[in-house]
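Notes follow once the structure below has been shown.
Rule-based calculations on the coordinates, nothing more; no lab input. Only a predicted model underlies this, so the values are computations on that prediction, with no experimental measurement involved. For neighbour counting, all protein chains shown are included, and Cβ atoms are generated from backbone atoms with ideal geometry for every residue, glycine included.
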């Protein structure tokens, strides 16, 4: 599971590095943004459909469909003769990655005892660290050496043996599940196995319809946000219209995909979903701005500015490892971790002052990385803990859909704000300030994950 997660993380980061070369080689610069927004849209649909599929049949079929779709998508993109074919491959990659990511949550819940969930999720979170550190360098070597196509064609060569290891383990999923049931009675208490949940077909199609609408809204917002940052006034005007349309569609389509009360942070699972979106959205929005600020405002070369992201990735890994080592007070972990994202971002903003050493920015962004490393796996554990076995797939998909959409919204809003305010020091201060406000909101609601009364989790 960790190896496959590493490979999918690498591909996510590698595409961003290689896309300028790919677009020029395939003469498809006008479709550049679609390569990203299309993959995102396919992933959102796969997360929603995959959650229901997991609840209806268990994780094995969705996992294999996701892995195979991801590998086929890589092959299609790597051999694409045109930009249109390349985007078709990206759609398959996004669909496969969405299915796989949701199915992993269900698999962890069915196979591992709850005492091991923090350790497992800390490993899966840390699986993004190595790609963050070496992914861009490897991609650069491939693009400059054998060519950009091997950025995509090389990954299936490693995916195949990892998939073989997963297959050997999945053969024992039923045995492991039966052992866990006999030892703890978890599934017996629930009264049904996931594959016996009887998810109504009409409900599935309604969810998929809303998922398609939300995916379209997110794609419009992402594409429009990119146009908003253009110097061409006509393009920026079109971007504003598309972004507004995307926000409107999301406002209608997103609530049906999330647990009731998520947007008002109702107690229990809705707060977990909302906090994941706020924390991830704040972190990713600031992460986009940090290297840009270091390059434009402080004059660092691109490779040096990128080292700030490497330090943050390492701190994220350490935070995830630390929370997986023992049982911590979750309320403290969630509030402290979310607050650290905001504290680190505020200190990054101080680096705009010429008198402040650049090293302050590097240290500050590592603080934010440590904070999200604490929060991220803790919320993953809580989703399984607060979900009946027959709803783990649906709730895991809600967690990831919320994270994806919240991140797209915050990145688009901060990008538009940066452009609207002239991309100067004041613009960066405003953007980082907005991120800090989001983390304050997350810190305020963090303790609401616990349901009042005997049914709520004790810690």
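So how do 89-100, 209-220, 131-142, 20-31 stack up, highest first, on mean other-Cβ count within 10 Å?
Details: 89-100: 25.9, 209-220: 22.4, 131-142: 17.8, 20-31: 15.0.
The densest-packed peptide leads the list: 89-100, 209-220, 131-142, 20-31.
Separation of region 400-430 and region 37-85 by C-alpha centroid, Å?
About 28 Å separates the Cα centre of region 400-430 from the one of region 37-85.
Along the Cα→Cβ direction, 7 angstrom out, place labels at residue 359 and residue 160. What is the inter-label distance in nm?
That separation, rounded to one decimal, is 4.9 nm.
Per residue, how much space in cubic angstrom lies within the convex hull of the C-alpha atoms of region 339-442?
Working: hull volume 9.1 nm³, N = 104.
About 88 Å³ per residue, rounded to a whole number.
Report the Stokes-Einstein translational diffusion coefficient (µm² s⁻¹, integer) for region 1-199, Rh taken as the Kirkwood radius over Cα pairs, at 25 °C with viscosity 0.890 mPa s.
Numbers: Rh = 17.8 Å.
This corresponds to a translational diffusion coefficient of 138 µm²/s.
In angstroms, what radius of gyration and Dmax does region 262-459 have, counting Cα atoms only?
17.2, 57
Multiply the residue separation of residue 79 and residue 264 by 0.36 nm, subtract the distance between their alpha-carbon atoms, and state the gained length in nm to one decimal. Can you show the working numbers first?
Working: separation 185, 0.36 × 185 = 66.60 nm, distance 4.62 nm.
That works out to 62.0 nm of additional length.
Please work out the FRET efficiency for the pair residue 296 and residue 168, using the Cβ-Cβ distance as r and a Förster radius of 35 Å; give the result to the nearest 0.05. Mind dumping the intermediate values first?
Working: r = 50 Å, r/R0 = 1.42.
The calculated FRET efficiency here is 0.10.
Starting from a Cα-only point model with no solvent, please compute log10 I(q)/I(0) by Debye for region 98-146 at q = 0.27, 0.28 1/Å.
Ignoring solvent entirely, the Cα scatterers give -0.97, -1.00.
Using the basic label-point model (7 angstrom from Cα toward the beta carbon), what is the residue 114 to residue 304 distance in nanometres?
5.1
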